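Have a look at the structure below, then the notes.
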Amino acid sequence: MSLPPVQTPPTPPTAPSAPAAPSYGPPSGGASSPAPSYGAPPVYGTPASTGPSAPTPSYSSPYGSGPTPAGAPPAGGLPYTTPYAPGQLPPRNKGGWMGILSIVLGGLALFVCWIPFLNYLTVFGAIAGLVFGLIALFRKFGSRALSLTGTIVSGVAFLLTVVFIVIYTLAFVTAGSGPDYTDTPYTSSPSDDPTESDSPDEPTAAPGDPTVVPGDATPSAGATVCADGTAIALGKAGILTYDGENQAEVTIADVQLDATDTVLADNSLNETPPDGYQYALISLTIKQLGTESFPAGASRGIFKGVAEDIASPADYAVLPEPELLFAPDLSQGDSVTGNIAVFVPTSGADSGSLLVDNYFTDNTCELKVG
């Protein structure tokens with residue numbers, strides 16, 4: 001008896017596999033294609049690997065595959081170029097004006113450094129130009145050639161300005177001590193006794209200086225104490241007072257009312273008289289009556305009616321010898337005669353008078369000149 005056939009149970013149906021995720025890259029060439037990489041930009045032109053040795057896909061950041069290399073444009077942006085090569089700095093134009101200003105200031109100071117008084121101001125311009133030039137040179141502002149040129153020009157201008165300032169200052173100080181207008185040099189008179197020497201306390205008269213004449217301290221005949229408003233006749237003596245109790249008398253010894261040609265010919269430094277005036281050359285004799293020494297050289301005269309600003313220049317004229325200005329101090333009884341010059345009107349001067357005083361006297365004498 002045969003057995004019934006054993007029935008094999010039916011194989012259960014296989015569950016359908018899940019559909020594959022879509023690939024965003026290029027189409028795969030086989031079943032072993034790698035899983036898609038989300039977010040990575042596709043590489044065009046490179047076929048996907050189809051073999052079993054295909055590399056494992058790299059899941060990177062959805063915003064890019066790594067840092068942007070140097071020089072590459074940012075993602076999604078337009079390409080750009082670098083204006084300078086790597087490591088190169090753009091040129092520095094800051095402060096370029098300093099070199100130009102240094103040249104301008106230094107050149108101006110160099111141009112006027114020899115002009116008196118004005119160079120006292122431009123020396124500061126030379127200093128400023130030197131400072132600007134040095135700053136531009138060491139800080140490398142602007143053109144090196146301009147900075148160096150401005151520094152050199154300003155430095156030379158500063159040195160020359162200082163030299164001229166020193167020269168002019170010394171010249172003015174020396175001129176202020178008073179020039180010697182005498183043509184004849186001062187020499188010592190030889191002593192009668194060669195064993196004797198001149199006393200250093202006693203001034204030695206030079207040739208042409210007024211000569212001191214010893215005498216007594218008696219007033220001259222007809223001498224009158226000078227008073228305001230009282231004119232003393234020509235040839236008569238007027239008495240000046242000084243130090244309260246001492247006296248000296250003054251007399252007009254000679255008058256030359258029109259002496260313009262004589263005064264101008266004597267020295268080229270003498271001024272031409274103002275319009276309507278002329279030089280008058282007057283010889284005065286001064287005698288010491290008091291006990292105290294009297295400085296006869298400090299005596300002066302002004303023609304009556306002439307303004308002080310017109311009369312003063314005549315005091316500085318260089319006169320024919322003997323000039324009263326160089327008269328020595330007088331001892332008691334001594335007298336001396338010397339010339340003074342005054343401006344007088346070109347007409348009518350012979351009826352005028354001379355006002356004579358001294359820097360140390362207490363009164364003024366009015367002496368008629370005609």
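Table for the structure above
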| read-out | value |
| --- | --- |
| Within the stretch 256-286, tally of residues that are part of a helix (DSSP H, G or I) and more than 42 Å from the chain's Cα centre (by Cα) | 3 |
| Single match in Ser351, Ser335 (criterion: closer than 19 Å to Ser220 by Cα, assigned by TED's automatic domain parsing to the domain that holds Asp258 and of a type outside the set (Phe, Trp, Tyr)) | Ser335 |
| Residue count for the stretch 297-315, restricted to those that are touching a residue at least 12 places away in the same chain (Cβ under 8 Å), surrounded by fewer than 19 Cβ atoms within 10 Å (Cβ to Cβ) and not small (Gly, Ala, Ser) | 4 |
| Qualifying position, being assigned to a helix (DSSP H, G or I), crowded, with 17+ Cβ neighbours inside 10 Å, in the same structural domain as Val162 (by TED's automatic domain parsing) and at pLDDT below 85, among Leu137, Leu110, Leu105 | Leu137 |
| Complete set of residues in the stretch 229-255 that are charged (D, E, K, R), loosely packed, with under 15 Cβ neighbours inside 10 Å and in a loop (DSSP other than H, G, I, E, B) | Asp243, Glu245 |
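Residues are listed down the side, and each one gets a yes or a no for (1) surrounded by 17 or more Cβ atoms within 10 Å (Cβ to Cβ); (2) under 12 Å from the mean Cα position of the chain (by Cα):
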residue	(1), (2)
Asn119	yes, yes
Gly129	yes, no
Gly142	yes, no
Gly150	yes, no
Ser154	yes, no
Leu160	yes, yes
Val163	no, yes
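The values are calculated or read from the model by the stated rules, or taken from the named source; none is laboratory data. Model, not experiment: these values are computed from the prediction. Reconstructed Cβ throughout: ideal geometry from the backbone, glycine too, with neighbour counts over all protein chains shown.
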